[in-house]
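Participant: Starting off with a structure, shown below.
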Amino acid sequence: MKHLLKMADLSPQEILDTLNLADQLKYELKIGTPHPLLAGKTLGMIFQKASTRTRVSFEVGMYQLGGSALFLSANDLQIGRGEPIEDTARVLSRYLDGIMIRTFAQQDVEDLAKYGSIPIINGLTDYAHPCQVLADLMTIREHKDTLKGLKFCFVGDGNNMANSLIVGCIKTGMEVAIACPDAYRPDADIMEWAGKNGKFMCTPNVLEAASDADVVCTDVWASMGQEGEARLRREAFMSYQVNDQTMAAAKPDAMVLHCLPAHREEEITASVFEAHANEIFDEAENRLHAQKAVLVQLMGKK
Ligand code: CP
Ligand code: NVA
């Protein structure tokens, strides 16, 4: 693994290696064993969108690994005034040991990797959110002991989360069912890949997708950058909610995931959210451990 740009870049074995290392780092942290595997290394974190989990977990993760992290708001960088990505990539490669970037266009992340000479990590684009999906897979495995053979259901917008979950879940041997309105399906390349590579369905019928699911997952109806469409989306997604009916269709012991932030009574009811809060906040915690594993693999001694 040279970069983490999207889930498609990882082989099934690389995903499992990352999850195993994440489990180990989580255990070491719990028992108080220091692991300064990135001593002296610096991660730059470019943010063009807001963040709570991604920013804090990467920054704390670098600190726990003995390195440091720089928060770089795109508004304060020259990128915000039009300096090209290819120049930014070459300059930052001279100072830093790795870059995590949260932005809009996936192409910007791909270009950073193309023109830079250090590892690049996608901290969310409109197309993908691979760091979140590694944490999600880690959390499912923690709660269910396995990934292979489980049925994963996603209800809602065919967005960055849906795109990355589809690839991550199929690569780890899960069956994937997406429930979304026809106009909000996951990206065409993902749909095509999933149709060819896994047990996959995408349906407008929530109960069909949730039927016998081991994991039920959702995300906001309007993602960052889509605030202007919020009202339109609320109408389109009105019936795409994780609620008691959805959970009744799933297996009795089904778990619930939400990458957060959550909008109660929109994509998920407050009661389902609270009934599964331990799983959802384990998922949030695991961002830290999963990302530390990614950082060590990309920036540690080879
Ligand atoms: N789930 C997630 O990426 O959260 P933030 O937007 O707070 O980073
Ligand atoms: N789909 C959401 C995920 C937030 C972590 C967004 O892009 O805003």
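Participant: Out of region 237-258, which residues are open to solvent by 10 Å² or more (accessible area, probe 1.4 Å) and within 15 Å of ligand 2 (Cβ to nearest atom)?
Facilitator: TYR240, the sole residue that qualifies.
Participant: Also, quick follow-up: Only residues that are among the polar types (S, T, N, Q) and surrounded by 18 or more Cβ atoms within 10 Å (Cβ to Cβ): list them for region 16-37, please.
Facilitator: We begin by selecting, within region 16-37, every residue among the polar types (S, T, N, Q); these are 18, 20, 24, 33.
Matches in region 16-37: THR18 only.
Participant: Just a yes or no: is a residue in region 23-31 within 20 Å of the chain's Cα centre (by Cα) and among the hydrophobic types (A, V, I, L, M, F, W, C)?
Facilitator: Looking for residues that are within 20 Å of the chain's Cα centre (by Cα) and among the hydrophobic types (A, V, I, L, M, F, W, C), one finds at least one in region 23-31, hence yes.
Participant: Filter region 242-290 for residues that are assigned to a strand (DSSP E or B) and closer than 21 Å to LYS144 by Cα; which is nearest to ligand 1 (Cβ to nearest atom)? Give the steps one after another, and end with the answer.
Facilitator: Filtering region 242-290 down to residues assigned to a strand (DSSP E or B) leaves 242, 255-258, 264, 268.
Remaining after also requiring closer than 21 Å to LYS144 by Cα: 242, 255-258.
On the way: VAL242: 16, MET255: 17, VAL256: 15, LEU257: 11, HIS258: 9 Å.
Among those that are assigned to a strand (DSSP E or B) and closer than 21 Å to LYS144 by Cα, it is HIS258.
Participant: Which residues, counting only those in region 225-236, are more than 23 Å from GLN106 (Cβ to Cβ) and either open to solvent by 90 Å² or more (accessible area, probe 1.4 Å) or outside any helix (DSSP H, G or I) (or both)?
Facilitator: ARG231, LEU232, ARG234, GLU235
Participant: If you don't mind, there's one more thing I want to ask. What residue, of ALA113, ALA89, ALA128, is part of a helix (DSSP H, G or I) and open to solvent by less than 10 Å² (accessible area, probe 1.4 Å)?
Facilitator: On the way: ALA113 fails: open to solvent by less than 10 Å² (accessible area, probe 1.4 Å); ALA128 fails: part of a helix (DSSP H, G or I).
It is ALA89.
Participant: Would you call GLN64 within 16 Å of ligand 1 (Cβ to nearest atom) and in contact (Cβ under 8 Å) with a residue 60 or more places away in the chain?
Facilitator: Values: within 16 Å of ligand 1 (Cβ to nearest atom): no; in contact (Cβ under 8 Å) with a residue 60 or more places away in the chain: yes.
Judged against the criteria, GLN64 is not a match.
Participant: Hey, any hits in region 47-60 for a residue that's crowded, with 20+ Cβ neighbours inside 10 Å and either without any contact (Cβ under 8 Å) to a residue 60 or more places away in the chain or not in a helix (DSSP H, G or I) (or both)?
Facilitator: There is at least one residue in region 47-60 that is crowded, with 20+ Cβ neighbours inside 10 Å and either without any contact (Cβ under 8 Å) to a residue 60 or more places away in the chain or not in a helix (DSSP H, G or I) (or both).
Participant: How many residues, within region 96-109, are surrounded by 18 or more Cβ atoms within 10 Å (Cβ to Cβ), over 17 Å from ALA69 (Cβ atoms) and away from ligand 1 (no atom under 16 Å from the Cβ)?
Facilitator: Result for region 96-109: 1.
Participant: Of these, THR125, THR103, which one is hydroxyl-bearing (Ser, Thr, Tyr), within 12 Å of ligand 2 (Cβ to nearest atom) and under 11 Å from the mean Cα position of the chain (by Cα)? Write out each step before concluding.
Facilitator: Details: THR103 fails: under 11 Å from the mean Cα position of the chain (by Cα).
Among THR125, THR103, only THR125 is hydroxyl-bearing (Ser, Thr, Tyr), within 12 Å of ligand 2 (Cβ to nearest atom) and under 11 Å from the mean Cα position of the chain (by Cα).
Participant: Can we say GLY98 is out of contact with any Asp or Glu (no Cβ under 8 Å at 6 or more places or on another chain) and away from ligand 2 (no atom under 14 Å from the Cβ)?
Facilitator: Yes, satisfied.
Participant: Now, a different point. So which residues in region 131-162 are within 16 Å of ligand 2 (Cβ to nearest atom) and in a loop (DSSP other than H, G, I, E, B)?
Facilitator: GLY156, ASP157, GLY158, ASN159
Participant: Another one. Could you check region 137-162 and list, in sequence order, the residues that are more than 22 Å from ASP17 (Cβ to Cβ), touching a Lys or Arg at 6+ places or on another chain (Cβ under 9 Å) and not basic (Lys, Arg)? Step through it out loud before you land on a result.
Facilitator: As a first pass, look at region 137-162 and keep what is more than 22 Å from ASP17 (Cβ to Cβ): 151, 153-162.
From what is left, the residues that are touching a Lys or Arg at 6+ places or on another chain (Cβ under 9 Å) are 151, 157-158, 162.
Within region 137-162, ASP157, GLY158, ALA162 meet the criteria.
Participant: What number of residues within region 151-173 satisfy the criterion of being touching a Leu at 6+ places or on another chain (Cβ under 9 Å), open to solvent by less than 10 Å² (accessible area, probe 1.4 Å) and farther than 16 Å from HIS129 by Cα?
Facilitator: Residues in region 151-173 being touching a Leu at 6+ places or on another chain (Cβ under 9 Å), open to solvent by less than 10 Å² (accessible area, probe 1.4 Å) and farther than 16 Å from HIS129 by Cα: 1 in total.
Participant: Give me the residue from region 262-284 that is touching a residue at least 60 places away in the same chain (Cβ under 8 Å) and under 19 Å from ILE140 (Cα atoms) and, out of that set, most open to solvent (accessible area, probe 1.4 Å). Walk me through how you get there before you give the answer.
Facilitator: Going residue by residue through region 262-284, those that are touching a residue at least 60 places away in the same chain (Cβ under 8 Å) are 267, 279, 282-284.
Filter once more, so that each one left must be under 19 Å from ILE140 (Cα atoms): 279, 282-284.
Working: GLU279: 24, ASP282: 45, GLU283: 1, ALA284: 24 Å².
Filtering region 262-284 for residues that are touching a residue at least 60 places away in the same chain (Cβ under 8 Å) and under 19 Å from ILE140 (Cα atoms), the one most open to solvent (accessible area, probe 1.4 Å) comes out as ASP282.
Participant: Moving on to the next point. For region 187-224, what are the residues that are open to solvent by 80 Å² or more (accessible area, probe 1.4 Å) and either in contact with a Pro (Cβ under 6 Å, 6 or more places away or on another chain) or not in a helix (DSSP H, G or I) (or both)?
Facilitator: If the condition is that a residue be open to solvent by 80 Å² or more (accessible area, probe 1.4 Å) and either in contact with a Pro (Cβ under 6 Å, 6 or more places away or on another chain) or not in a helix (DSSP H, G or I) (or both), then LYS199, ASP212 are the ones that fit.
Participant: If the Cβ limit is 7 Å and pairs must be 6+ apart or interchain, which residue in region 90-103 that is under 11 Å from MET45 (Cβ atoms) pairs with which residue that is surrounded by fewer than 20 Cβ atoms within 10 Å (Cβ to Cβ) and of a type in the set (S, T, N, Q)?
Facilitator: Pairs that qualify, where the first residue is under 11 Å from MET45 (Cβ atoms) and the partner is surrounded by fewer than 20 Cβ atoms within 10 Å (Cβ to Cβ) and of a type in the set (S, T, N, Q), are LEU96/THR42; ARG102/SER51.
The values are calculated or read from the model by the stated rules, or taken from the named source; none is laboratory data. Not measured: the values here are computed from a predicted model. Using ideal geometry, Cβ is built from the backbone for each residue, glycine included, and neighbour counts are taken over all protein chains shown. Note: accessible area is taken over every heavy atom of the protein model, side chains too, but ligands, DNA and RNA are not part of it. Shrake-Rupley method; radii C 1.70, N 1.55, O 1.52, S 1.80 Å.
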